[in-house]
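Working notes, beginning with the structure itself.
The values are calculated or read from the model by the stated rules, or taken from the named source; none is laboratory data. What you are looking at is a predicted structure, and each value in this text was computed from that prediction instead of being measured. Every residue, glycine as well, gets a Cβ built from its backbone with ideal geometry; the counts of neighbours run over all protein chains shown.
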Amino acid sequence: MSRKLLLNNIHVEGIHTYDVYRKTGGYAAVEKALKSMSPDDVVEEVKKSGLRGRGGAGFPTGMKWSFIAKPEGVPRHLLCNADESEPGTFKDRYLMEKIPHLLIEGMILSSFALGCEQSYIYIRGEYMYVLRILEKAIAEAYQNGWLGKNIKGSGYNLDLSVSPGAGAYICGEETALIESLEGKRGNPRMKPPFPAIQGLWQRPTVVNNVETICAVVPIVNEGGDAYAQIGIGRSTGTKLISAGGNINKPGVYELELGVSVEEFIYGDQYCGGIKNGKKLKACVPGGSSVPILPHYLVCKTAEGNDRLMSYESLADGGFANGSMLGSGGFIIYDEDQCIVRNTWNFSRFYHHESCGQCSPCREGTGWMEKVLHRLEYGHGKMEDIDLLWDIQRKIEGNTICPLGDAAAWPVAAAIRHFREEFEWHVKEPNACTTRNYGLVKEKVFEKVNA
Amino acid sequence: MSEQIQKITVTIDGKTVEVDPGTTILNAARQIGGEVVPPAMCYYKPLKGSGGKCRTCLVEVSKGSEKDPRPMPKLVASCSTTVMDGMEVKNKSSERVVDARKGVVEFLLINHPLDCPVCDQAGECSLQDLAFEHGADTSRYEFKRREFDKIDIGEYIKLHMTRCILCYRCVYVANQLTPNREHGILKRGDAAEISTYIQNSLDNEFIGNVIDVCPVGALTDKTFRFRSRVWYTKPMDASCDCGKCGGKAVLWMIGNEIARVTARKDQYGEVEEFICNDCRFNKKDLKDWNVEGPRKISRHSVISTNHYEKVAPAHTPLLNKA
Amino acid sequence: MENQNIENIQFPKELLDEVQRAVSSFPEGKQKSALIRTLHIAQAHFGYLSTPVMDYVARLLHIQPIEVYEVATFYSMYDTQPVGKVKLEVCRTGPCMIEGAEKIVSYIENKLGIKDGETTSDGIFTLKTVECLGACGYAPMLQAGEKFHEHLTEEKVDALIEQYRLKPVANYMGQE
C-alpha cells in the first residue's frame, strides 16, 4: 500500500471536527512553524520538498512563493483556489469536505511563509455545502486560537475567510479567480503583470490549489527533504487522483507519484480494473483538458516503457504520444465509448465556459462544438476533420489564458489518435448513431522527437 | 536625475528603432510606421487598459532581448507586450503570425453579419480593412450566425450588437470619460453582448465617443444613419468654442450641409481629442464652426476617392462656395 | 413568484447581517468583493434576480447597477428569470455522460413533462442541465439546492422528486 500524507486519517470518525483533528496530530505543523521557524524557513522547506502545483500546471510551489513582491507597507494575499471545475476532478471537494482543518492548517502555514495577514479560500459556488463545512471549521479554528490576532502568542496575525464563486470554470484560472474575488466577471487578466506583483486589489498575491496548500502540512511536519524522498524524480510526494469513468472503483486515491498506470487502473487498492470485464479503449489521465491516450499508450509509452503516474512519465512522448498529469482527473473509457461523442461533450463544456473576452476562444470553441455535433450525429463531411484540426490549431497558444489551449488539446489528441473513428462517423452516418466504433488500431510508432 | 532616459533598441521585420523603456511592441512599430505595424482592433491608445482581447496584433518575438536572446514560445499580443533592449520581432515576415492572424480574422467574421452594403461604417470600418488585408477569400463557417435586435441607446446612438466584435472599447470610454458607467458586457462566451440591460438611454455628455471608438458598425450616430456613404462626404477640420470639450472636430459635409460631426482621428483611427455630445449631435450648422480646411485622408482610404482636396484646397474659404 | 415591487425589495435583518459579515471579511472600500455572495443570498431569498433585486444589491454595496448586471449574467448559477422552487441541475459532462446522464435527463423530462430549462406548471421543479459539478466518481448526479444527489438511478430520481414534491425546499443553501 502506498504511503499517505493527506488522507492518512481520512477514515477516523469525526475527523472533520476540530477536536478529533487536533487529537490526531492536527495543527502540530503550525505549532512547530510558529515556535521554531521563520517564514523563510517554511519557504525553504517547501522548496526542498520539490512540491509542484497540484491544480494542473505543476509549477514548483516554492519557486512561485519566492516570486511574491514585498513592497513596504503593502499587504499581500494568499488565495486558495478551490474552484475545482475541471471535468474528471473531484479531489479538492473530498479533501475540504472530509478534513477541512487540513486546508485551514495549510493556509495558516502558507500565509505565515508568505507574510500574509488576510487570506481567502475561493470556492466554486456549486460547492456551497462545502463552504459551510469550511466556515464551521474556520470558526472552530478561531475559537481555539489558530486564527485571529497574535496566534498562540507568536505575534503573527491571520484572518481567513471563504468566498464563493457562482458557476464559471474560468475562475479556476488564477487571474480570473482574482477578478471574481474582486466581485467582477471572471475575465482573465493579461500577464504581465503577474499576480505575484499585482494581484488581488493590485497587491502581491499568490494563488495555490487546495491540495498544494494541504501538502504544506506534512512538509512542515516531516521536513522538505523527507517529502522529497517520496515519489520519483522531479515528481515528489503524493498526489490525489480523482478516478472516474468505466472502472470498478471510482473515487479519490492518494498515491505516491511513480506508481505504474497499469497498477493504478487494474490494482485492487485503486480503480480495480475496467467495469464489466470490458476492454480499455482510452484514458484521459489529468482532467478533460489534457490529451486523451488510446489504449496502447496508456500503460506503456511509445518507446515501450512502463508509464507511471508522474508529471514526467505521463508527458512522455510529448503531445504526439503522451499526455499530462494535470489536475489528476483520471477518466477511463471502455470499448463501448464513442470518442467523437466524448470530444463533442468536452467541446460543449469549453464553449459553455469560455468567458468571451478574446476572439479565438470566444468564436472558436463554439465553432468546434458545432462541427463535432454534426460529426457525432452523422451529418459530417470528411473535410470537417481537417477543419476541426485547423480551428484548434488557430486557438491554441493564441488566447489570453490557457482555456483556449484546454479547449484545443482534447480535440487535437482525439483526431491524432482516433482519426479512423472520426472518418467512420462520416462513412457510416447511420451506423454511427446506433453503435460504437470500438477500439482503434494500434499505430506503429515513428521515432518521436522531443 | 536630469540624465536622459536610456533609449532601448528593438527590431521589427528587420527595421530597427530606438524607443523609451516601457513602450509596447505595437507602439514601437508605429514609430517605424508602414508595413511593420500590426493591426489592432481592440487596443486604443487613449483608453487605459484597452487591448489584448482581439488577438489581431499577435507577433512573433524571435529574440527576447540582448540579455536573454531566447525566443518567446508563443505569439504575443504586441499591444500589451513591452519591448526589451535588443528584442527582435517578426510581424508580417513570420509565417506563424500571418497564419494566426488569418485565423483571428476568420474567427472575428464567423458571427459577423457581413452587411457592409447597408452598414454606415463601410468605408471606414476597421474590420473591413482587416479582412481585406489579412483575411481569406471565403469563409468555412456553415452555421447560423449570432443575431441580436437593433436597439436605441438614447436619442442619438444606435446599437447594432450583431456587428459587435466585443473589443470593449466603448466600455472603457464609459468608464473613463463619464461619471457613471451605464452600459457594459452582459452574459459570456459567444453569447456576450454590449448592453445597458434595462434599455437605459445613455445620455451622458461624452457618451457619443463610443461611436468614434467602435471599430465596426455596432455603434452608429443616429443623426447620420443612412444619410450617405462616407465616401460621398467631404471631411473638413473645424473647431468651435465649446465650454465642455476642446471643440476640435471633423465635419463630414454633403455640399454645404454638415452630415455628421466626429472627433479627429489619427492614421490608426484613434481619437486625438474626445468631443462632447453637443458638438457631435447638435451643432449641425456651419455658423457653429470655424472651418480650418480639408481633413487629410490617407490615399489608401476609399474616402479619398473624392479627390476633393484639389477642388477645395486648404485656406480656401469654404462657406461661399457651392 | 414573489412580489417584485420595488418597495418590497428588502432583506430581513438576519440576511442584512449575513451581507455585512461578507463585506467585513474584505478590507475597507473593497465591499464589491462581497457581490457574488450577496447575489447568492438575494437569489435564495427572492427566488431569482429580477432587475429591482439587482438594483437593491447595487445600492447595498454602493456600486453601479450595471456592475451587478454584468456579474449576474456572467455566472451560470444565477437566474435572472423566474424558476421553480427546486432546481434539478443534472450534470452531463464527461464521466456523467459515460454513466448515463442523458438517460436521467430524459427520464426526468418524461416524468415531469418539461424540457431542459423549463419549469413545471405547479412552479415546483425546474430542470436544468449543467456542466461538471465535481462528482465525476459518483456519476450520474444532480444538484438540488445545495444538495448533491449521486449514483442516480431511475428509482432514486423517483424518490427524490417525491420528497421534493412533498416538501419543496427553496433553492436556499443550507436548508436541508
Failed condition for residue B:167, given (1) touching a strand residue (DSSP E or B) at 6+ places or on another chain (Cβ under 7 Å); (2) part of a loop (DSSP other than H, G, I, E, B): (1)
Helices (runs of 4 or more DSSP H) fully within the range A:203-292 counting 3 or more residues that are free of Cβ contacts under 8 Å to residues at least 60 places away in the same chain, surrounded by fewer than 24 Cβ atoms within 10 Å (Cβ to Cβ) and over 19 Å from the mean Cα position of the chain (by Cα): A:261-266
Qualifying residue in the range B:205-223 (condition: within 19 Å of the chain's Cα centre (by Cα), on the phi < 0 side of the Ramachandran plot and within 14 Å of chain A (Cβ to nearest Cβ)): yes
Failed item in (1) more than 20 Å from the chain's Cα centre (by Cα); (2) within 14 Å of another protein chain (Cβ to nearest Cβ), with residue B:193 passing the rest: (1)
Filtered residue count, the range A:389-422, keeping only those that are farther than 16 Å from residue A:356 by Cα and among the β-branched types (Val, Ile, Thr): 3
Residues of the range C:94-110 satisfying the condition of being assigned to a loop (DSSP other than H, G, I, E, B) and within 7 Å of chain A (Cβ to nearest Cβ): C:94
Residue that is nearest to the other protein chains (Cβ to nearest Cβ), among those in the range A:359-393 that are among the basic types (Lys, Arg), surrounded by fewer than 24 Cβ atoms within 10 Å (Cβ to Cβ) and part of a helix (DSSP H, G or I): A:370
Matching option when the condition is away from chain A (no Cβ under 14 Å) and closer than 28 Å to residue B:125 by Cβ, among B:67, B:53, B:45: B:45
Of all residues making up the range A:123-133, the number that are surrounded by 24 or more Cβ atoms within 10 Å (Cβ to Cβ) and more than 9 Å from chain C (Cβ to nearest Cβ): 2
Single unsatisfied condition, residue C:4 versus (1) closer than 30 Å to residue B:178 by Cβ; (2) at pLDDT below 95; (3) assigned to a helix (DSSP H, G or I): (3)
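Do we find a residue being farther than 30 Å from residue A:388 by Cβ, at pLDDT 95 or above and surrounded by fewer than 16 Cβ atoms within 10 Å (Cβ to Cβ) anywhere in the range B:90-110? Write out each step before concluding.
Within the range B:90-110, the subset farther than 30 Å from residue A:388 by Cβ is none.
So far as the range B:90-110 goes, no, none of its residues is farther than 30 Å from residue A:388 by Cβ, at pLDDT 95 or above and surrounded by fewer than 16 Cβ atoms within 10 Å (Cβ to Cβ).
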Residues that are more than 8 Å from every other protein chain (Cβ to nearest Cβ), closer than 14 Å to residue A:414 by Cβ and crowded, with 24+ Cβ neighbours inside 10 Å, drawn from the range A:311-338: A:323
Test: residue A:417 is over 29 Å from the mean Cα position of the chain (by Cα) and either surrounded by 22 or more Cβ atoms within 10 Å (Cβ to Cβ) or under 30 Å from residue B:57 (Cα atoms) (or both): no
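Do any helices (runs of 4 or more DSSP H) lying entirely in the range A:1-110 carry at least 2 residues that are β-branched (Val, Ile, Thr), and which ones are they? Before the answer, list the steps.
Working: elements: A:18-23, A:28-36, A:39-49, A:61-66, A:91-98.
Fully inside the range A:1-110 and qualifying: A:39-49.
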Of all residues making up the range A:425-441, the number that are closer than 9 Å to residue A:340 by Cβ and assigned to a helix (DSSP H, G or I): 2
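Among the residues of the range C:84-103, is there at least one that is polar (S, T, N, Q), buried (at least 19 other Cβ atoms within 10 Å of the Cβ) and under 13 Å from the mean Cα position of the chain (by Cα)?
Residues of the range C:84-103 that are polar (S, T, N, Q), as a first pass: C:93.
Subset that is buried (at least 19 other Cβ atoms within 10 Å of the Cβ): C:93.
So of that shortlist, the ones also under 13 Å from the mean Cα position of the chain (by Cα) come out as none.
The answer is no; no qualifying residue exists.
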Any chance residue A:120 is in contact with a Cys (Cβ under 8 Å, 6 or more places away or on another chain) and either assigned to a strand (DSSP E or B) or touching a residue at least 12 places away in the same chain (Cβ under 8 Å) (or both): yes
Residues that are within 15 Å of residue B:57 (Cα to Cα) and among the charged types (D, E, K, R), drawn from the range B:11-34: B:13, B:30
Qualifying positions in the range C:71-93 - facing chain A (nearest Cβ under 10 Å), within 10 Å of residue C:140 (Cα to Cα) and not charged (D, E, K, R): C:91, C:93
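Table: residues versus (1) surrounded by 11 or more Cβ atoms within 10 Å (Cβ to Cβ); (2) modelled with pLDDT of 90 or more; (3) under 17 Å from residue B:220 (Cβ atoms); (4) touching a Lys or Arg at 6+ places or on another chain (Cβ under 9 Å).
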residue	(1), (2), (3), (4)
B:273	yes, yes, no, yes
B:277	yes, yes, yes, yes
B:281	yes, yes, yes, yes
B:287	no, yes, no, no
B:297	yes, no, no, no
B:306	yes, no, no, yes
B:309	yes, no, no, yes
B:312	yes, no, no, yes
Residue satisfying all of: in the range B:182-201; surrounded by fewer than 23 Cβ atoms within 10 Å (Cβ to Cβ) and under 22 Å from residue B:279 (Cβ atoms); modelled with the highest pLDDT among these: B:182
Yes/no for residue B:268 being over 17 Å from residue B:177 (Cβ atoms), of a type outside the set (Gly, Ala, Ser) and in the same structural domain as residue B:170 (by TED's automatic domain parsing): no
Residue pairs meeting the criteria (Cβ under 7 Å; at least 6 apart or on separate chains; first assigned to a loop (DSSP other than H, G, I, E, B), in the range B:67-88; second aromatic (Phe, Trp, Tyr)): B:79/B:43
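Determine if the range A:156-170 includes at least one residue that is part of a helix (DSSP H, G or I) and not assigned by TED's automatic domain parsing to the domain that holds residue A:405. Please lay out each step first, then the result.
Here is the first cut: in the range A:156-170, the ones part of a helix (DSSP H, G or I) are A:169-170.
Next, from what is left, pick out any that are not assigned by TED's automatic domain parsing to the domain that holds residue A:405: A:169-170.
Yes, some residue in the range A:156-170 is part of a helix (DSSP H, G or I) and not assigned by TED's automatic domain parsing to the domain that holds residue A:405.
Out of the residues in the range C:111-166 that are in a helix (DSSP H, G or I) and touching a His at 6+ places or on another chain (Cβ under 9 Å), which is farthest from the other protein chains (Cβ to nearest Cβ)? Explain how you work it out, then say what you get.
To start, the set of residues in the range C:111-166 that are in a helix (DSSP H, G or I) comprises C:111-112, C:136-138, C:154-166.
Checking the rest, the ones that are also touching a His at 6+ places or on another chain (Cβ under 9 Å) come to C:138, C:156-157, C:160.
Values: C:138: 7, C:156: 17, C:157: 19, C:160: 16 Å.
Of everything passing the filter in the range C:111-166, C:157 is farthest from the other protein chains (Cβ to nearest Cβ).
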